[in-house]
1. Quick check on Ala123: is it free of Cβ contacts under 8 Å to residues at least 24 places away in the same chain and hydrophobic (A, V, I, L, M, F, W, C)?
2. Pick from Asp116, Asp121: which is surrounded by fewer than 15 Cβ atoms within 10 Å (Cβ to Cβ) and over 13 Å from Val52 (Cα atoms)?
3. Taking only the range 1-48 into account, find how many residues are within 14 Å of the chain's Cα centre (by Cα) and either of a type in the set (Phe, Trp, Tyr) or under 21 Å from Thr223 (Cβ atoms) (or both).
4. Tell me which helices (runs of 4 or more DSSP H) are completely within the range 1-97 and hold 3 or more residues being touching a helix residue (DSSP H, G or I) at 6+ places or on another chain (Cβ under 8 Å) and surrounded by 15 or more Cβ atoms within 10 Å (Cβ to Cβ), or say none if there are none.
5. Report every pair of residues separated by at least 6 positions or lying on different chains whose Cβ atoms are under 9 Å apart, first residue within the range 156-173 and more than 9 Å from Val208 (Cβ to Cβ) and in contact (Cβ under 8 Å) with a residue 40 or more places away in the chain, second of a type in the set (D, E, K, R) and surrounded by fewer than 20 Cβ atoms within 10 Å (Cβ to Cβ).
6. Which number in (1) more than 17 Å from Ile240 (Cβ to Cβ); (2) modelled with pLDDT of 95 or more; (3) among the aromatic types (Phe, Trp, Tyr) marks the one condition that Phe29 misses?
7. Would you be able to tell me the number of residues in the range 200-217 that are surrounded by fewer than 17 Cβ atoms within 10 Å (Cβ to Cβ) and not in a helix (DSSP H, G or I)?
8. Can you tell me which residue within the range 220-246, out of those that are touching a residue at least 60 places away in the same chain (Cβ under 8 Å) and touching a Ser or Thr at 6+ places or on another chain (Cβ under 7 Å), is surrounded by the fewest Cβ atoms within 10 Å (Cβ to Cβ)?
Amino acid sequence: MSRLAAKFASLKSAGRKALIPYVTAGFPFADITPELMHGMVAAGADVIELGVPFSDPMADGPVIQKAGEKALALGIGMVQVLAMVKTFRAKDSTTPMVLMGYANPVERYDLVHGKDTFIRDAAESGVDGILVVDYPPEECEEFAAKLKASNLDLIFLLAPTSTDERMRQVARVASGYVYYVSLKGVTGAGHLDTDAVEQALPRIRRHVNIPVGVGFGIRDAATAKAIGKVADAVVIGTKIIQLLETQPRDQAVATVADFLRGIRSALDA
């Protein structure tokens, strides 16, 4: 059983929902990410999504785009991201870690280091899941099988526009959890319609038998609590990046941890 499957099974047995914060690796300071991840776990995070900086992040809104640009300017690439995970793992062997990003950095890593080295090195560093935004499920069966052989989960996005056929395609290859994008748009966009999310999840679950996390547009305790009533996990990214934008180095971790403690309390209430 993967770390992700074990975590979701443990949460289900306890009647709790997963809190999954997202941060861009290397933002806002190149050396802060492992410390930040530890702070988020201490504040109640169950899984961490670590964004791999990329120059053309098609699913990300301006806040996360800007964070990625700064991280790239600080020299953060896939090699540095995997090193951050390995540093985090030195003190935390249980919290699942998911890399979220795009095809280009994954494929470039293999191009530079050799075929299938990304999967090998991700597993060795302590990664548990991979979410590649621009990998369609119908072209991922071989990649999914190779990940599974290394005990890594392949996670996919679903959206309000996803057809039943697309959900069936995702269900054939996805593991760990699926990430339901609650809005038509990029990260941080629009107003979250919790009623629409509640109506969408039963349809998703007719096709997908793994946990469903919901993200895009969750930015406070009230929306997190509302989504937590119907989803298996709540994913928060843009709000965390916005908090980090305004903090000096010595207050960044504490500020994010304080925010997540409020979300955790709302989910557990």
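The values are calculated or read from the model by the stated rules, or taken from the named source; none is laboratory data. No experiment lies behind these values; they were computed from the predicted model shown. With ideal geometry, Cβ positions are generated from the backbone for all residues, glycine too; neighbour counts draw on all protein chains shown.
1. For Ala123, the condition - free of Cβ contacts under 8 Å to residues at least 24 places away in the same chain and hydrophobic (A, V, I, L, M, F, W, C) - is not met.
2. Result of the check over Asp116, Asp121: Asp116.
3. 11
4. Once the helices (runs of 4 or more DSSP H) in the range 1-97 are filtered for at least 3 residues that are touching a helix residue (DSSP H, G or I) at 6+ places or on another chain (Cβ under 8 Å) and surrounded by 15 or more Cβ atoms within 10 Å (Cβ to Cβ), what remains is 33-42, 62-73, 78-89.
5. Hits for this filter: Pro160/Lys184; Asp164/Arg203; Asp164/Arg206.
6. Looking at each condition in turn, Phe29 falls short on (1).
7. Going through the range 200-217 one residue at a time, the tally reaches 1.
8. Only one residue tops the list, namely Thr238.
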